[in-house]
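Take a look at the structure below.
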Amino acid sequence: HSADAHRTDLMTITRFVLNEQSKHPESRGDFTILLSHIVLACKFVCSSVNKAGLAKLIGLAGETNVQGEEQKKLDVLSNEVFIKALISSGRTSILVSEEDEEATFVEPSLRGKYCVVFDPLDGSSNIDCGVSIGTIFGIYMVNDVNEPTLEDVLQPGKNMLAAGYCMYGSSCTFVLTTGSGVNGFTLDPSLGEFILTHPDIKIPKKGKIYSVNEGNAKNWDGPTAFYVERCKFPKDGSSPKSLRYIGSMVADVHRTLLYGGIFLYPADKKSPNGKLRVLYEVFPMSFLMEQAGGQAFTGKQRALDLIPKKLHERSPIFLGSYDDVEEIKALYAAEA
Ligand code: AHG
Ligand code: MN
Ligand code: MN
Ligand code: MN
């Protein structure tokens, strides 16, 4: 149909999810309601991020979080926004946030069947200089809505029903999977709506970019060091890969998803489990990568098979184009 039809056939994220929902006659719109509250919170954080510099919303909040990180004002604000939005949706039972040591158990009158794990503001070190940051979330189904327990969120990533992120960059982009592919939506500020701009995202099978903090090279283990060396000095006469590292996982993963390549946050001698948190960074991004035709590996196993024991557990992660991750899997297999 004509280009005009595309221009007037505004596929908003809400319409998109309702279409998806119609494929599940049993669902009573609960997921759509939950998602609309997540989307609302993202729009609020997006507008706060865009005016952070003007509204004195940059800088430290004066507290340290369970990660041992100095919280930024936007860390605290976005956490409060998401906690309130998720509770008021009436569709959640347990909330796990990077910024809260303990899980939030929603009071019975507002309980729903979903558990949400989230990183309210990812890439905090980039806030004060205006570099892209984001929000990451994953959604599990609660086992028994009358008896929510920590077991409901200490589940392998493969049990997630949905996952996504919102990137606050040159445009505000929302990327979502509900288990049947990956779709990207861009906020049209004049409408205040997320419009489908990247339908059915598939990551290139192989990429020309590697993304890692080379500053940790001194502490890497053998396979990682060998792999990165091979990116820079390929043995098969192919051209070296480019290095792109933004330092916000959301931005590095979004670029990897669209352009291809590999993102690595390896273990190192200082942090044997790497830095990224399993529940609300590793699992959502791994789920998205697999749904887009890529893969995600911890150095020992498929990332989504990990069974977390603690809420803020960390894991090394290698994710991105299928063939690129295969190479690093082979190196770890040879070392095992
Ligand atoms: P957060 O800001 O939510 O704590 O996450 C920061 C993470 C992630 O966004 C990024 O990939 C990584 O930290 C960067 O770590 P380094 O600065 O050690 O490279
Ligand atoms: Mn943090
Ligand atoms: Mn993060
Ligand atoms: Mn964070």
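Please go through the stretch 294-329 and give me each residue that is assigned to a helix (DSSP H, G or I) and open to solvent by 10 Å² or more (accessible area, probe 1.4 Å), ordered by number. Matches in the stretch 294-329: Asp305, Tyr322, Asp323, Glu326, Glu327, Lys329. Here is a check on your reading of the model: is Gly207 outside any strand (DSSP E or B), small (Gly, Ala, Ser) and open to solvent by less than 30 Å² (accessible area, probe 1.4 Å)? Yes. Taking the condition modelled with pLDDT of 95 or more, open to solvent by 60 Å² or more (accessible area, probe 1.4 Å) and within 14 Å of ligand 4 (Cβ to nearest atom), does Lys232 pass? So Lys232 does not fit the description; no. Working only within the stretch 100-129, note down all residues that are of a type in the set (S, T, N, Q) and within 10 Å of ligand 4 (Cβ to nearest atom). The answer is Ser124, Ser125. Considering Asp128, Asp119, Asp144, the condition of being within 20 Å of Leu161 (Cβ to Cβ), of a type in the set (Asp, Glu) and open to solvent by 20 Å² or more (accessible area, probe 1.4 Å) is satisfied by Asp144 alone.
Within the stretch 157-189, being polar (S, T, N, Q) and either open to solvent by less than 10 Å² (accessible area, probe 1.4 Å) or not in a loop (DSSP other than H, G, I, E, B) (or both) holds for Asn159, Thr173, Thr177, Asn183, Thr186. The residue of the stretch 295-327 that is farthest from Asn159 (Cα to Cα), among those that are touching a residue at least 40 places away in the same chain (Cβ under 8 Å), of a type in the set (Val, Ile, Thr) and in contact with a strand residue (DSSP E or B) (Cβ under 8 Å, 6 or more places away or on another chain), is Val325. Checking each residue in the stretch 73-112 for being small (Gly, Ala, Ser) and touching a Lys or Arg at 6+ places or on another chain (Cβ under 7 Å) picks out Ser93, Gly112.
Taking the numbered list (1) crowded, with 23+ Cβ neighbours inside 10 Å; (2) farther than 22 Å from Val175 by Cβ; (3) within 16 Å of ligand 3 (Cβ to nearest atom) in turn, Val253 passes all entries but (2). In this structure, does Asn79 turn out to be within 16 Å of ligand 3 (Cβ to nearest atom), more than 19 Å from the chain's Cα centre (by Cα) and touching a residue at least 24 places away in the same chain (Cβ under 8 Å)? In short, no. Every listed requirement among (1) within 16 Å of ligand 2 (Cβ to nearest atom); (2) closer than 24 Å to Lys310 by Cβ; (3) assigned to a loop (DSSP other than H, G, I, E, B) is met by Pro120 save one, (3).
Tally up the residues in the stretch 54-65 that are open to solvent by 50 Å² or more (accessible area, probe 1.4 Å), under 16 Å from Ser125 (Cβ atoms) and part of a loop (DSSP other than H, G, I, E, B), please. The number of residues fulfilling the criteria is 1. The test for being within 16 Å of ligand 2 (Cβ to nearest atom), open to solvent by 20 Å² or more (accessible area, probe 1.4 Å), touching a Phe, Trp or Tyr at 6+ places or on another chain (Cβ under 9 Å) and hydroxyl-bearing (Ser, Thr, Tyr) does not hold for Tyr280. Check Arg277 against each of (1) touching a His at 6+ places or on another chain (Cβ under 7 Å); (2) modelled with pLDDT under 95; (3) not acidic (Asp, Glu) and name the one condition it does not meet. Arg277 satisfies every listed condition except (2). Would you confirm whether any residue within the stretch 81-93 is within 16 Å of ligand 4 (Cβ to nearest atom), in a loop (DSSP other than H, G, I, E, B), charged (D, E, K, R) and out of contact with any His (no Cβ under 6 Å at 6 or more places or on another chain)? No.
The values are calculated or read from the model by the stated rules, or taken from the named source; none is laboratory data. These figures come from a predicted structure and were not determined experimentally. Every residue, glycine as well, gets a Cβ built from its backbone with ideal geometry; the counts of neighbours run over all protein chains shown. Surface areas here come from the heavy atoms of the whole protein model, side chains and all, with no ligands, DNA or RNA. Shrake-Rupley method; radii C 1.70, N 1.55, O 1.52, S 1.80 Å.
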